[in-house]
Structures are given as structure tokens and as C-alpha cells.
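A quick write-up on the structure given underneath.
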Amino acid sequence: MTTPSASALAEEIGQRLKQARLNRDLTQTEVAERAGVARKSVLNAEKGKVPFDVFIAIMVALDLTEKLELFLPRQEISPIQLAKLQGKQRRRASGQRKDKPLREEKSEW
């Protein structure tokens with residue numbers, strides 16, 4: 001089974017957004033007014049080509065925000081990461097890759 005491309009996934013999500021709008025018997029204009037965006041933004045969202053903040057605004061307008069938990073569940077810190085951080089919350093990735101050799105520190109001995 002092949003993994004769909006990012007654009008194919010975006011188009012699929014756009015179609016689902018469109019079907020949610022149609023199921024609620026709302027026009028693109030009505031959704032746009034509720035979301036505080038242009039009708040063209042709703043049209044683009046339904047094609048899978050819209051900025052993330054506009055997508056979220058449309059989800060709010062369609063009362064779909066409870067679905068976000070299913071879409072992307074909250075990620076907890078793994079016990080290994082927690083131990084490495086000694087209780088501090090991680091804010092960004094280190095950028096170091098495991099396949100790169102680490103630089104050797106020069107000793108002043």
C-alpha cells in the first residue's frame with residue numbers, strides 16, 4: 001500500500017470539509033460569514049489549498065472542533081524524553097541526527 005502524497009491528503013480533507021458543509025445545508029457564503037473569511041477561502045479549503053488558520057476557522061464555523069482531538073491527539077512527553085530533561089518541558093528539537101557523528105570535544109589536559 002502506497003502512502004498518499006501531502007496534496008492528495010489535503011484534497012481528501014477538503015472534500016470532507018465540503019461534505020460537512022453540505023450535510024449542514026450551508027452555502028460557502030454562509031460558512032465564510034461564520035468563519036470571518038472570504039467565500040473564496042472556503043472554496044480553496046474545499047480544494048485542500050488553504051492556510052491552516054483559515055482551515056481551523058472554517059472548522060469552528062462548522063462546529064467540527066471536537067473532531068480535532070481525533071484528527072491529531074494530544075502528544076504526551078515520552079518517559080525517555082522526560083528523564084533526559086529531568087522534569088523540564090522540551091521546547092524545541094536539538095537538530096542532531098543519530099546518523100551524524102558527534103563532534104569530539106578538545107580537552108585542555
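One table, with the values for the structure above:
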| read-out | value |
| --- | --- |
| With DNA, RNA and ligands ignored, accessible area of residue 84 (1.4 Å probe; Å², nearest 10) | 140 Å² |
| Hydrodynamic radius (Kirkwood) for the range 1-46, which is based on Cα pairs only, to one decimal in Å | 11.3 Å |
| The range 1-82, accessible surface, carbon-and-sulfur percent (1.4 angstrom probe) | 57 percent |
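The values are calculated or read from the model by the stated rules, or taken from the named source; none is laboratory data. Being a predicted model, the structure only gives us computed values, none of them experimental. With ligands, DNA and RNA removed, areas are computed over all heavy atoms of the protein, side chains included. Shrake-Rupley method; radii C 1.70, N 1.55, O 1.52, S 1.80 Å.
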